[in-house]
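The values are calculated or read from the model by the stated rules, or taken from the named source; none is laboratory data. Keep in mind the model is a prediction, meaning the values are calculated, not measured. Virtual Cβ from ideal backbone geometry, glycine too; neighbours counted across all protein chains shown. Surface accessibility is based on the protein's heavy atoms, side chains included, excluding ligands, DNA and RNA. Shrake-Rupley method; radii C 1.70, N 1.55, O 1.52, S 1.80 Å.
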Amino acid sequence: MKDFEVRFEGELPATPREVWDAITVHTSGWYWNISYEPRPGGAERGLTSAGGTVTAWEPPRHFATRAERPDGWWNSLEYVLEPRSGGTFLDYTHTSVVTQGDYDAELDACRRHTEFYYHSLGEYLRNFKGRDAAYVEADGPEGSARRGAFAALRRRLGLAEDAAAGDSVRLTPGGPEAIEGVVDYATPEFLGVRGADALYRFYGRDAWGWPVGVAHHLFAEDVDAERTEETWRVWLHDVFDSGRSAA
């Protein structure tokens, strides 16, 4: 069992109140579905499977939450917001503990996911602030945990190998509808595409020996979240169970 700390610091394109609302209310637009009872001691639901407790609630300046389990695991998030240059400076700290598995891999994965999530927060605030989204997520089969699986997923999307942030793209996965938008994030482990009414997120977790996945934030009013999620789940399994994977 070993403690770790991951931090993010950066300026966000919104007021502290708008950032506060994105972090505490509209989480479906950039993170996933989480609810917080708005008071110290209030319940957190959805952030972790264990559930947690709000430990600081001082809008729009300071927010924190903590979850614990009987096996000694714990998880704590803290946000400090300061107005700056017409926007907000966010100081975010995530502390937790690795109880089993590869500590270095877990820490690296947490750091890289954190960078992607808070980039997505910036995209949300710049393009969709104040709005809720239908959040849909799906993971690939165990076979997609092999190295090279994310590269296979990118090819199946029809994405050019040299695609970079700022590029206009038309993804043609087949099964799910084609996606038109702009690449807003591109690394060997992650891909983000911003559409007119969505943030599409693709996760190359094969980098850490975990299945690849998708998690999309869909802002259109007529989204059938359950059906869309199933469509992406079937697609992922088709990619990696059909012999067209990286194997």
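Shown for the chain: the carbon plus sulfur share of the solvent-accessible area, taken with all protein chains present and a 1.4 angstrom probe, equals 44%. Once Kirkwood radius over Cα pairs in Å is calculated for the structure shown, the corresponding label among (1) 18.9; (2) 18.0; (3) 20.0 turns out to be (1). Between the range 31-81 and the range 96-144, what is the C-alpha centre distance in whole Å? Here the answer is 17 Å between Cα centres.
Quick one: length gained pulling E180 to D91 fully straight, 0.36 nm per residue minus the C-alpha distance?
Details: separation 89, 0.36 × 89 = 32.04 nm, distance 3.32 nm.
Result for the pair: 28.7 nm of gain on full extension.
Charge tally for E221 (other residues, Cβ to Cβ under 13 Å; Lys, Arg +1; Asp, Glu -1): -3.
Were the residues from Y103 through D238 laid out at 0.36 nm apart, the gain over their Cα-Cα distance would be 45.4 nm.
Cα-based radius of gyration for the range 136-247, normalised by 2.2 N^0.38 Å, reads 0.98. The value of relative contact order for the chain, using C-alpha pairs under 8 Å at least six residues apart, is 19 percent. Under the convention that each Lys and Arg Cβ holds +1 and each Asp and Glu Cβ holds -1, the size of the dipole of the chain around its Cα centre is about 180 debye.
Against the main long axis of the alpha-carbon atoms of the chain, helix 103-127 sits at an angle near 90°. The largest-to-smallest principal axis extents of the Cα set in the range 1-140 are 43, 33, 29 Å.
Averaged over its residues, the range 1-103 has an accessible area of 48 Å² per residue, based on protein heavy atoms and a 1.4 Å probe.
Put one equal scatterer on each alpha carbon of the range 133-184, apply the Debye formula with no solvent term, and list log10 I(q)/I(0) at q = 0.31 1/Å to two decimals. Per q value, in the given order, log10 I(q)/I(0) is -1.19. Model label points for E230 and W32, set 7 angstrom from Cα along the Cα-to-Cβ axis, are 2.1 nm apart.
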